[in-house]
Every structure is written in structure tokens, then in C-alpha cells.
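A short reminder: the numbers here are calculations on the coordinates, not readings from a lab. All values derive from a computational prediction rather than experimental measurement. With ideal geometry, Cβ positions are generated from the backbone for all residues, glycine too; neighbour counts draw on all protein chains shown.
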Amino acid sequence: MAQLQPVRGTHDILPDEYARFRHVVDTARHAAMLFGYREMATPIIEFTDVFARSMGETSDVVSKEMYSFTDKGGEELTLRPEYTAGICRAFISNGLQQHVPFKAFGWGPMFRFERPQKGRQRQFHQIDVEVIGAAEPEADVEVISVAAEILRRLGILDKCVLELNTLGDPESRVGYRKALVDYFSAHVDKLSEDSRRRLEKNPLRILDSKDEGDKKLVANAPLIEEFLTPTARDFFNAVKDGLGNAGVEFTVSPRLVRGLDYYTHTAFEFTTTMLGAQGTVLAGGRYDGLIEQLGGPPTPGIGWAGGIERLVLLSNPLPVPPRVIAVVPIGAEAEAEALKIATELRRNDIPVELAYKGNAGKRFKRADKLGCFAAVVIGGDEMAKNVVVLRDLASGAQTEVPRDMLVGQLKRLQA
């Protein structure tokens, strides 16, 4: 029988790795809570149209990377490739317009069919922050500040650079779109096939192209800043000033864009040089046209998503976990008492290892293997005196402790 392996582009998250994975999620959740964000979750599967409408029928994600299928009822469904569209759909479906600004935090698995590489898998995981219903630049500042605070608490903010740009307002985009069409039309013979298709319909999508030839042309393309309206320029200045007041450092990157029409104003990425070619740690932007595009009322929004696997790769070593206590019964008559002791300790938030079987010697060996720092030993003599023996597993020193003082003694040792 062939050796069983996980599907290509997926991997098992074993306990040691999962501890770091959970640390990223817990840190992000706590930081988001400090800014007033509430956790939510959307289904892993959505109607395909949710993503096709939000990401664009011709985008690489929709046309090449989505895991889409027809279910047994004939419905066209897709495993979610990103979180924002699902949260916006939930905002519309659940009639949350009366709760704006709606501030959400979420996390979970995403799915894209692409070439697996370091920090990028076909099943990957993201944390996500969204604010729906706030048109003010202060919302942009807050959303970016949440991201910076998460990175700071993970100990990796100094490994990242915040790149910031503006995409302008719809009025700014009219003149910019014409300038892009004129520029790329003069070089149409050098454009990739995908970019030639996008030239008339959505030239901003060319700016997102991964084709190396397209990238060379994009490097000399007109910049949005030349076409900003006074309103758009004031908005961007307010975001920059707000980030300065919040103590969040940034670099303006005029080539940072989002190709879809519903993106406006702020676009940003936290990037690093420590993950090879895949340098984006988290990315987001303002999407004031997305809710309307999905069939809802005109509603502004801004958010970001960050890859948990990449954050794990960057993160510092975990905080020292609570130290584990072994409970070791001596003789069959002490088994029941050992279970009572273990139960009491766990209810007092003291981690306990209680082996299922084996003599005392085997149990001590297992406790040592698991890194337990002390053992509570209970046998017939101890039960008769209503005490336990507390043994330091490093030095071998041991003392008798009255049964009713055990929790307090272990709390002091744990601290």
C-alpha cells in the first residue's frame, strides 16, 4: 500500500507548529478587540458568484485559482479564496446596515490553486479585519493601526515596512484611466495576452500583472498622484497625518495599486525581506464600491487580510507555556485518589499529566520526556496521612505537602 500523504499544497499542522499558529490568532484577536472589533465567521463555501463579482470574472484568482464545483443540487459553489467578499455578503444578507460602522475580525482557511511555495499553500489561513460603513479617513488610520499593533505584539513590526498609496476617488480615476489607455496602447505589442484583453475594459488591472514584460512597462506608466482631485488629495493627507499621530511609520509607494474598480483611496501592504520572493505579510485597502457591486446599498468599506503561515514564519519564539505537573500514583489503591488530585489541579488552571497505566518508574520516565518540572506522588502511606509528596524532577528533592495546601504550593512554584 502506498504511503498516505496530504494533498499537494496542504499540510498537517502538528502540535508544536499549531501552538505558534494559535499564538498568532490569539494575539490578533486580542489586539482587534482592543480597537472594538468583534469576531465573526462566514461559511467556507459560498456561491461562486460572490467571488466572481467581487474579484472580477477575468482576474487570475477567479479564472485560474478558485476551487469551484457544481454540487449535487446543481448549485455553483466555491471554496473561499479570500475573506472580504464573504463578510460583505454576510453584511448584506443579515441586514446589518443599521449597525454601521460594522467592525469585524475573522480568521480561517482559504483555498487557491497555485504553485505551493514557502509561506504559500493551496489551503492557507488568514486573519482578517474589516470596517464597513465608515467613509472617513480615520477608519483607514484605525484599520492600519490594528495591523501594526498585531505585528508589534508578535514582535515582528520592526521586520516589516508599511507601504502606502492612494488610488484616488472615482473622479480621479477617470483621467488616470485615459492616461493608462493612451500609454499602454502605445506599447500594445509588448503587453501579455491577458493585459491586451484588459486594456480597454479595465487598464488598472494591468498594473497588477505578474508578467515580467508587463512589469517593465508598468514601471514607466503614469502615476495616480498626477490625477488626484483636491478631495482625494486631502483624504490621503488625512490618512498620512493620522498614521503619524498614531505612531505608525510608513513609506509612500506610488506603484502600489489595486486593479479592481471598486477600490478607492487607501491601499497598503506590510512587506518584509525575510520571506524571499513572497514579501507581503498582510495587505488591504478601501473598497467603497464593493457592497454595491455585490447587490447591496452604496456602503463604504476598508479592510485587510494577513497570512497566518507567513506570520508564523516571522514570529518570535513563543512565550514559555505553563509548566506541567505529573501526578504519579503508587499502587492500585492510589489510582482513584490520583485522578481526584489531577481533576482539582486542572480546575485551578494547573496543567497535569496523568498517565493511563504503568508502574511508578515508567510514569516518571514519561513525565521527564514531556518536560514536567515536578511530580505529585500519592500512595497508601500518603493517603493515610492526608498528604502528598512533591518531587522536584530536576534535582530529585522532595517534600511532604498537606493535601489541602497542594494547590497553593503548586501555584507558587508555577509562578
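Assuming charge only on the beta carbon of Lys and Arg (+1) and of Asp and Glu (-1), the dipole of the chain about its Cα centre is about 1240 debye to the nearest 20. With coordinates expressed along the principal axes, the C-alpha atoms belonging to the chain extend over 92, 59, 42 Å, beginning with the largest. Taking the chain as a Gaussian network of alpha-carbon nodes connected by springs under 10 Å, the highest mean-square fluctuation of the residues V327, V24, V281 belongs to V327.
Beta-bridge orientation, the chain: approximately 80 percent antiparallel, per DSSP, counting only bridges with both partners inside. Counting only alpha carbon atoms, the long axis of helix 170-185 and the longest principal axis of the chain meet at about 70°. Considering only K216, K64, K72, the mean-square fluctuation computed in a Gaussian network model of the chain, springs between alpha carbons under 10 angstrom, is largest for K72.
Karplus-derived 3J(HN,Hα) values for the stretch 402-415, using 6.51 cos²θ - 1.76 cosθ + 1.60 with θ = phi - 60°, are x, 4, 7, 10, 5, 4, x, 4, 5, 4, 5, 5, 5, 5 Hz; glycine and proline are entered as x. Put simply, when 295-303, 401-409 are sorted by average Cβ atoms within 10 angstrom per residue, most first, you get 295-303, 401-409. The protection proxy used here, the mean number of other Cβ atoms lying within 10 Å of each residue, ranks peptides 160-172, 42-54 as follows, highest first: 160-172, 42-54.
Ordering S185, P137, G307 by Cα displacement along the dipole of the chain toward the positive end leaves G307 in first place; charges were set at the Cβ atoms of Lys, Arg (+1) and Asp, Glu (-1).
Computed from Cα atoms, the angle from the helix 15-34 axis to the main principal axis of the chain rounds to 60 degrees. Starting from the Cα gyration tensor of the stretch 1-102, take the square roots of the eigenvalues, sort them a ≥ b ≥ c, and report rounded, prolate or oblate (rounded when a/c is under 1.5, otherwise prolate if a/b is larger than b/c, else oblate). Oblate, because a/c is 1.5 or more while a/b does not exceed b/c.
Only Cα pairs under 8 Å and 6+ residues apart enter the sum, and on that basis the relative contact order of the chain stands at 15 percent.
A simple rule links phi to the HN-Hα coupling: the Karplus curve 6.51 cos²θ - 1.76 cosθ + 1.60 with θ = phi - 60°, which for the stretch 379-391 gives x, x, 5, 5, 4, 5, 9, 6, 10, 10, 9, 9, 10 Hz, with x for Gly and Pro.
Highest GNM mean-square fluctuation among V376, V141, V174, for the chain modelled with Cα contacts below 10 Å: V376. Can you show me the helix-derived [θ] at 222 nm for the chain, built from DSSP H runs with n ≥ 4 at -39,500 (n - 2.57) apiece and divided by the number of residues, rounded to the nearest 500. That comes out to -11000 deg cm²/dmol.
With the gyration tensor restricted to C-alpha atoms of the stretch 325-414, the semi-axes of the equivalent ellipsoid amount to 16, 16, 13 Å, longest first.
Translational diffusion of the stretch 172-227, estimated by Stokes-Einstein from the Kirkwood radius over alpha carbon pairs at 4 °C in a medium of 1.567 mPa s, is 118 µm² per second.
Greater than 25 Å separation of Cα atoms is the criterion. Which listed pairs, K216/K240; K340/K385; K178/K216; K64/K216, meet it? Check vs 25 Å cut-off fails for K216/K240.
Overall form of the stretch 89-227: prolate. Here a/c, set by the Cα gyration tensor axes a ≥ b ≥ c, is 1.5 or more, and a/b is the larger of a/b and b/c.
Sequence neighbours fewer than 8 away in the same chain don't count; with that in mind, list the aspartates and glutamates whose C-alpha is under 19 Å from K72. Result set, ordered by chain and number: E46, D49. List the aspartates and glutamates whose Cα sits under 14 Å from the Cα of K411, skipping any in the same chain fewer than 8 residues away. Straight-line reach from K411, under 14 Å: E344, D349. Taking a ≥ b ≥ c as the square roots of the eigenvalues of the alpha carbon gyration tensor, the stretch 205-256 is oblate, as a/c is not under 1.5 and a/b does not beat b/c. Here each label is just a point 7 Å from Cα along the line to Cβ, and for E335 and L199 those points are 8.1 nm apart.
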